[in-house]
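Values in this text are rule-based calculations from the coordinates and carry no lab data. This structure is a prediction, so every number in the text was calculated from the model and none was measured. Here the Cβ is made from the backbone with ideal geometry for all residues, glycine too, and neighbour counts use every protein chain on show.
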Amino acid sequence: MLWNFVPKLHFAELQTMQLGAFMSALQFNDGTNGVLLVLNYLNLRIGSHMLGGLTLIEKERIHDSKKHSLKTAKTQLKKFSAQRKKKCLQNESKEGFTYHPGAF
């Protein structure tokens, strides 16, 4: 979440990094409502487009959270993980070990 607020590929000062960390923690804990509270506290006017956008982001965040916590999502994840592991073992038995630590 930090990289949503602070650029990852460009230099950022310590103050910018701290602000980004605070904002990402705020959004993680309180969602976009926390960001709105901070903006109101700073006496910044919030436009209707920003309010609508933040509301949409909050709804998507809650929807994704509910979707990922379902039992079917967890069983699918276990199924895909088992398939991936099986395929990796098949490739390893066919090709042999392709990685050895310290080998070049």
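Helix 14-30 and the longest principal axis of the C-alpha atoms of the chain enclose an angle of approximately 90°.
Extending 7 Å from Cα along the Cβ direction at M50 and again at F11 yields two label points whose distance is 2.9 nm. The angle between the Cα long axis of helix 48-68 and the longest principal axis of the Cα atoms of the chain comes to about 30 degrees, rounded to the nearest 10. Going toward the positive end of the dipole of the range 2-70, with +1 on Lys and Arg Cβ and -1 on Asp and Glu Cβ, which of A25, V35, H63 do you reach last? Ranked along the dipole, the leading option is H63. How far, in degrees from 0 to 90, does helix 71-95 lean away from the longest principal axis of the Cα atoms of the chain, to the nearest 10? Long axis of 71-95 versus the principal axis of the chain: about 40 degrees. Taking every C-alpha pair closer than 8 Å and separated by at least 6 residues, the mean separation divided by the residue count of the chain gives a relative contact order of 14 percent.
For the range 2-70, the alpha carbon convex hull comes to 106 Å³ per residue, rounded to a whole number.
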